[in-house]
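The values are calculated or read from the model by the stated rules, or taken from the named source; none is laboratory data. Not measured: the values here are computed from a predicted model. Positions of Cβ are generated from backbone atoms using ideal geometry, with glycine treated the same way; all protein chains shown enter the neighbour counts. Heads up: the accessible areas ignore ligands, DNA and RNA and are worked out on the full protein's heavy atoms, side chains in. Shrake-Rupley method; radii C 1.70, N 1.55, O 1.52, S 1.80 Å.
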Amino acid sequence: MPTRVVFGAGTVSQLAAEVERLGAKRALLISTPGRAEMVRAVAKGLSVAGLFDKAVMHTPIAAVEAARAMAKSVDADCCVAVGGGSTIGFGKAIALTSSLPVVAVPTTYSGSEMTNIWGISEGGAKKTGRDVKVLPKAVIYDASLTLDLPPKTSAASGMNAMAHCAEALYAHDGNPIVSLIAEEGIRALAKALPAVVQAPKDLEARTAALYGAWLAGMTIATTGNGLHHKLCHVLGGFGLPHAETHSIVLPHALRYNGVAAGAMRRIARAMGVDDAPTGIWELEKRMGLAMRLADVGMKEADIERAARVAVQAPYPNPRPVEYAPVLELLHNAYEGKKP
Ligand code: NAD
């Protein structure tokens, strides 16, 4: 695999060695505003050129330009992103135009660290693309860094990972190997996430959830996205929070895609339930997640516009993406109906 992975509690102590392995000597650390101190502590022993601590969700272009300017001004020769998908997204955005290598230390379950996918928001829309330059050269999965991730953020982020696995199972360009990875990812996440919510400091459960995230990232890195990811990208452009939106939409998108019967059977089997969409919905409810788009900032007046945008340039999907049923899906997700 093109990405080197170091996995296990305590392995962040190998960060300096991983950066050295790349031949880099001037790391630009990247974090979200509240987590700079933690990132500095993690980077002890590393030769640091600077710290960009203004990573925010959805990688808005103005913040990206500031990060790129900083990387240039401190003469960074690599990016070390410690945090969730937002933070890693900034490392990728810098790499896209500079080719600097990225080392990722994920602290959520977004799976972004394993993908060559970048995303940058501009003018209310998110542009995404794939480029090998943004694929992290090394990833350190250390569950001890995730113990303070709040239970609900953990659960929502884990359902974002679950969505990668689910859509990989019916992707137009899927294959039997990626399906094995996806099914194992769903199995790992369905078991680990409720345990994390119940006992957020349980290192074993946290480690199992990171394992699920690793698998999930590998699936989305390999296959194309379907209706579910398309809807979440559209809703992200409306300012909705990424992981929570994935979590709320997923059971409804799976119900929409019920024609992909083989994929639904595999999702249900991995979760130990009879029906995939209901099983996902019930797992989310059990974990105390928000169940309605109305709860995370969606305005009812925007539903029709979201449906129109989603059907304009649809991603390949097992069932044709059509306005009326997509509108119904969004209404159901808005109201949090059981699928
Ligand atoms: P996030 O990175 O925005 O993190 C959510 C919040 O949790 C932030 O406030 C962060 O500071 C905090 N946090 C992170 N780790 C923590 C920890 N260990 N302890 C306490 N607090 C912690 O959320 P996310 O869901 O991980 O990432 C979402 C972003 O990732 C979106 O922009 C999405 O588009 C992107 N993404 C990209 C890919 C890809 O392949 N390119 C895949 C999935 C997600």
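Against the chain, whose longest principal axis is taken from its Cα atoms, helix 85-98 shows a tilt of about 60°.
Label sites at residue 199 and residue 66, each approximated as a point 7 angstrom past Cα along Cα to Cβ, lie 4.1 nm apart.
Based on the Cβ-Cβ distance from residue 7 to residue 282, what FRET efficiency comes out when R0 is 30 Å, to the nearest 0.05? It would help to have the intermediate numbers written out before the result.
Working: r = 30 Å, r/R0 = 1.01.
Efficiency, from the Cβ-Cβ distance: 0.50.
Over 22 Å between Cα atoms: which of 44/133; 285/337; 152/338; 285/338; 54/126 fall into that group?
Working: 44/133 27 Å; 285/337 11 Å; 152/338 20 Å; 285/338 10 Å; 54/126 19 Å.
The pairs that break the limit, which is 22 Å between Cα atoms, are 44/133.
Rounded to a whole number, what % of the accessible area of the chain do carbon and sulfur atoms account for, probe 1.4 Å? Intermediate results must be reported in sequence, preceding the final value.
On the way: 7370 of 13540 Å².
With neighbouring chains kept in place, the figure for the chain is 54 percent.
Extents of the range 1-151, taken as max minus min of Cα coordinates on every principal axis and listed largest first, are 41, 37, 32 Å. Sorted on the mean count of surrounding Cβ atoms within 10 Å across their residues, most packed first, peptides 103-112, 251-260 read 103-112, 251-260.
Here the sum of -39500 (n - 2.57) over DSSP H runs of 4 or more residues, divided by the residues of the chain, equals -16500 deg cm²/dmol at 222 nm, to the nearest 500. Taking a ≥ b ≥ c as the square roots of the eigenvalues of the Cα gyration tensor of the range 187-298, is the shape rounded (a/c under 1.5), prolate (a/b larger than b/c) or oblate? Rounded is the answer for the range 187-298, as its axis ratio a/c remains below 1.5.
The orientation-averaged projection of the convex hull spanning the C-alpha atoms of the range 38-96 amounts to 3.8 square nanometres.
Tell me, Kirkwood radius of the chain from alpha-carbon pair distances, in Å? Don't jump to the answer; show the numbers that get you there.
Values: mean 1/r = 0.0505 Å⁻¹.
When all Cα pairs of the chain are included, the Kirkwood radius is 19.8 Å.
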